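First the structure, in the form of structure tokens, and then the observations on it.
The values are calculated or read from the model by the stated rules, or taken from the named source; none is laboratory data. Please read these numbers as outputs of a predicted model, since none were measured by experiment. FYI the Cβ positions are ideal-geometry reconstructions off the backbone, even for glycines, and counts take in every protein chain you see.
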Amino acid sequence: MTNGVAGESDEVLTRVDGGIGLITLNRPKAINSLNQQMVDDLRAVLTRWEDDDAVRAVVLSGAGERGLCAGGDVVAVYHSARKDGVEARRFWRDEYLLNGQIGRFAKPFVSLMDGIVMGGGVGVSAHASNRVVTETSKVAMPEVGIGFIPDVGGAFLLSRAPGALGLHAALTGAPFSGSDAIAMGFADHYLPHSELEAFTQAIVDDGLDSALAAHVVEPPPSDLVAQRAWIDKCYSGETLEDIIAALRGHDSGPAQDAANLIAARSPIAVSVALEAVRRAAKLKTLEDVLVQDYRVSSASARSHDLVEGIRALIVDKDRNPKWSPATLAAVSAADIDAYFAPVADDLSF
């Protein structure tokens, strides 16, 4: 029985059914990309439900057939960064607070990471206590492609993935499968896409443990794990130039593809991404990494490459960004360090 239908807004639908709080991200035309209102709504409902004894667990899903969430609203970020960056930084600050809230949530939190789950979509799902993927899952931290750096606590997970799998995902921005997501620590359970609705209903009817037992299946082998030998070897280099040279020197097609991807990305973004993942490996908590993310993103809002990357990929769609600095050799250690400097409104939890 539905205990109440109380939507936060048209873009975040919420209801409680049988003691289970159900949240649906509802911008299907935008693959449920997050905007400021959606982040505000999510923080509010989770705060309310965490203190509500009538809510035993939470399930997060996305409307439509394309995916849970394709990320943040980068066009809004583009316009803000071109202006003064204030709205973009507010969005990131509230988004990262939400990511931390999900990571600390005191009740079972089930995220249905079906279809496209990228960037900000990872932030609202991969820090949950029970993360479910399917054969349609397409997970990625693709930020370097737009001159940005993996955020939303992604570096916390990337830095803890087996071997160099996390660095490979961070520096290429390439998507990975549901099986890969489980192997990398981004997800926990695998079930067929066709059973998602029945699985959710089973959580309501029988509880989470029974639903998992009834529906979860063994995932197919991870393609990335099968390639770990060359990935671990090639990404062991100290510098990005070393990594690209090792990839180009390897005889496998996927290694060449990775080299080409990294070489096409924003030089400053991939340089900072490499440093961010390495620093995240030494940070103890998700919250510590989110503090780092806010500093890095704040610097990105002032950068040339974030605006140029979004322009080239999403606004003008000419796919011909003019990066600055234009080469990896032109990126200095001071350029990279500047992204990690504390900001006046540092994040705190």
*Of the residues in the range 16-61, how many are of a type in the set (Gly, Ala, Ser) and surrounded by 20 or more Cβ atoms within 10 Å (Cβ to Cβ)?*
4
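What number of residues in the range 47-58 are touching a strand residue (DSSP E or B) at 6+ places or on another chain (Cβ under 7 Å) and assigned to a helix (DSSP H, G or I)?
1
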_Please go through the range 217-232 and give me each residue that is touching a residue at least 40 places away in the same chain (Cβ under 8 Å) and outside any helix (DSSP H, G or I), ordered by number._
PRO219, PRO220, PRO221, SER222
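Of all helices (runs of 4 or more DSSP H) completely enclosed by the range 80-195, which ones contain at least 1 residues that are closer than 28 Å to ALA338 by Cα and among the β-branched types (Val, Ile, Thr)?
In the range 80-195, 86-104, 120-123, 165-172 are the helices (runs of 4 or more DSSP H) which contain 1 or more residues that are closer than 28 Å to ALA338 by Cα and among the β-branched types (Val, Ile, Thr).
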*asked:* Could you tell me how many of the residues in the range 128-169 are more than 28 Å from VAL216 (Cα to Cα), among the small types (Gly, Ala, Ser) and touching a Pro at 6+ places or on another chain (Cβ under 8 Å)?
replied: 1
*If LEU286 satisfies every condition in (1) touching a His at 6+ places or on another chain (Cβ under 7 Å); (2) over 26 Å from GLU87 (Cα atoms) but one, which is the exception?*
(2)
*Among GLU135, GLU195, which is free of Cβ contacts under 8 Å to residues at least 40 places away in the same chain and over 24 Å from LYS284 (Cβ atoms)?*
GLU195
*Check SER298, SER303 and return the single one that is touching a Lys or Arg at 6+ places or on another chain (Cβ under 6 Å), buried (at least 20 other Cβ atoms within 10 Å of the Cβ), over 23 Å from PRO175 (Cα atoms) and modelled with pLDDT of 95 or more.*
SER298
*With ARG27, ARG82, ARG89, ARG15 as the choices, which residue is in contact (Cβ under 8 Å) with a residue 12 or more places away in the chain and out of contact with any Ser or Thr (no Cβ under 9 Å at 6 or more places or on another chain)?*
ARG82
*asked:* When you scan the range 73-90, do you find a residue that is surrounded by fewer than 24 Cβ atoms within 10 Å (Cβ to Cβ), modelled with pLDDT of 95 or more and touching a Pro at 6+ places or on another chain (Cβ under 7 Å), even just one?
replied: no
_Qualifying position, being modelled with pLDDT of 95 or more, on the phi > 0 side of the Ramachandran plot and buried (at least 16 other Cβ atoms within 10 Å of the Cβ), among GLY207, GLY166, GLY178_ = GLY207
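One line per residue, one yes/no per condition, for (1) touching a residue at least 12 places away in the same chain (Cβ under 8 Å); (2) part of a helix (DSSP H, G or I); (3) among the hydrophobic types (A, V, I, L, M, F, W, C); (4) under 19 Å from LEU261 (Cβ atoms):
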position	(1), (2), (3), (4)
VAL291	yes, yes, yes, no
VAL296	yes, yes, yes, no
ALA299	yes, yes, yes, no
ILE310	yes, yes, yes, yes
LEU313	yes, yes, yes, yes
ASN320	no, no, no, yes
PRO325	yes, no, no, yes
*Can you name every residue in the range 240-280 that is under 20 Å from PRO325 (Cβ atoms), without any contact (Cβ under 8 Å) to a residue 12 or more places away in the chain and either among the polar types (S, T, N, Q) or buried (at least 17 other Cβ atoms within 10 Å of the Cβ) (or both)?*
ASN260
*Top-ranked residue in the range 327-336 [being without any contact (Cβ under 8 Å) to a residue 12 or more places away in the chain and in a helix (DSSP H, G or I); ranked as farthest from HIS79 (Cα to Cα)]*: ALA333
